[in-house]
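Structure below; questions to follow.
The values are calculated or read from the model by the stated rules, or taken from the named source; none is laboratory data. Predicted model only: the values in this text are computed from it and were never measured. Quick reminder, even Gly has a Cβ in these numbers, built from the backbone with ideal geometry, and neighbours come from all protein chains shown.
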Amino acid sequence: MSKVWLIIKREYLTRVRNKTFILSTILLPLFFIGFIAASTYLSIKGDDKHTIAVNDQAGIFKTSFKSDKSITYKFPPDVNANNFKEKGYSALLNIPLTFDSPQDSITLISDKTLGFSTEDKIKDQINIAIKNRAFLQKNIDKKILDSINDLDEEKLYNFKPVIKKGNTTLKANSGLAYGIGFGSGMLIYITLFIYGAAVMRGVMEEKMNRIAEVIISSVKPFQLMAGKIIGIAAVGLTQLLIWFVLIIALSAALSSFISHDVLQQAQSANTAMGPSANNTAALSFLTAKNTFAQANWALIIPCFLFYFIGGYLFYAALFAAIGSVVNEDPQEAQSLMLPITMPIILSFVIMMSAATKPDTPIAVWASIIPFSSPIVMMARIPSGGVPFWQLALSMVSLVAGFILTTMLAAKIYRTGILLYGKKVTLREMSKWLFRKS
């Protein structure tokens, strides 16, 4: 056991003292917070103020159009399509006498696009004006119309989704569950590739440099493989912990520099742009302090650590086995990695569906099978609908799968680490699995 500990210590210290590890550990949180700050800034600056000249030939829009902070409507008599820019207007809204046909459509004339947010606001004003005209033609009082238009739809009712489990009532938040589930699954997915490949590269380097021959003279091949896998796992956990602390600290510092009014302004501008806006998640991160408290962190955090470590250990043994049989040909490594990487990629594809539909048969079974459970189960857990038996079966299956893959990988590792100059096929590796010790 002391020899395994020495290998773990060597793998850990060698990597955490590496300049690449130090830079990536510090720069990633800074990049993340910088992205949030840039998104907030662009959301505020992107909400330009426009003055729209309206040529109202129909004569029904002047009393209905209402200006706001970003758009001001004016009805000058001497502005046309040729001089609106010279008169200081951003655009000309030309409304003909009849506008219910392609030949007589309402036209917004400008020298550049005004953006989705501005165009949607203008269309909303047009829709309200046309509806008011239709209601007035039915002899509905204008004061009643104005009172209806002034209603804030979000304040008409209080919508509160809850989850009922026995005598316990929990507040439900589908968006929060999706964000945590998708983010957790994505983080494990990236970790499997990054640190799994690190294990494989480490084994390949030691094999090519003939260091493995020296180490194996004093320790068993299985001890070497176990020490390398556990040591790199410790590096991953260290980096994850540092990322978590730095992101929380930097986000708190950023929130203290940005006022609540500015955040609300940025969020309003972002909402107006629709679901295609790329900075929705970034703004939500700064404005969701109270929302995050609704998540069941007592379950999510332990499960994340279990699947983070379990998924890594499950695949790291396989990556180590591949690294032990690869020589200097990179294409050889890619071809042998394919059976390992395909389940990881397939798990990510299933995870994207499981984050929104956690109870579908494919999501349930993929969260139980060890090859996909680390990624898919973490997409399901935040929804709160995973039965205990499924979670327990998934964990037991992952532990059993890790033990089995480690035993099989050790047989390949033991033979492959000292095999030089020969290209090994998957068929030959499968024969090593059934070879007696």
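Evaluate segment 407-420: report whether one residue or more is among the hydroxyl-bearing types (S, T, Y), at pLDDT 85 or above and surrounded by 19 or more Cβ atoms within 10 Å (Cβ to Cβ).
No, every residue in segment 407-420 fails to be among the hydroxyl-bearing types (S, T, Y), at pLDDT 85 or above and surrounded by 19 or more Cβ atoms within 10 Å (Cβ to Cβ).
So which of I375, I369 ends up being within 17 Å of the chain's Cα centre (by Cα) and within 28 Å of R201 (Cα to Cα)?
Numbers: I369 fails: within 17 Å of the chain's Cα centre (by Cα).
Result of the check over I375, I369: I375.
Return the pair list, or none, for Cβ contacts closer than 7 Å from residues in segment 312-341 that are assigned by TED's automatic domain parsing to the domain that holds T405 and closer than 17 Å to L419 by Cβ to residues that are part of a loop (DSSP other than H, G, I, E, B) and among the aliphatic types (A, V, I, L, M), at least 6 apart or on different chains.
Correct list of pairs: S324/I417; V325/L419; V325/V424; E332/V326; A333/V326; L336/V326.
Look at segment 369-388 and say how many of its residues are within 14 Å of S184 (Cβ to Cβ) and touching a Leu at 6+ places or on another chain (Cβ under 6 Å).
1
Using the structure shown, decide if I242 is touching a Leu at 6+ places or on another chain (Cβ under 9 Å) and modelled with pLDDT of 85 or more.
On the way: touching a Leu at 6+ places or on another chain (Cβ under 9 Å): no; modelled with pLDDT of 85 or more: yes.
So I242 does not fit the description; no.
Still on this model: Do you know which residues across segment 70-117 are modelled with pLDDT under 80 and polar (S, T, N, Q)?
Matches in segment 70-117: S70, T98, S101, Q103, S105, T113, S117.
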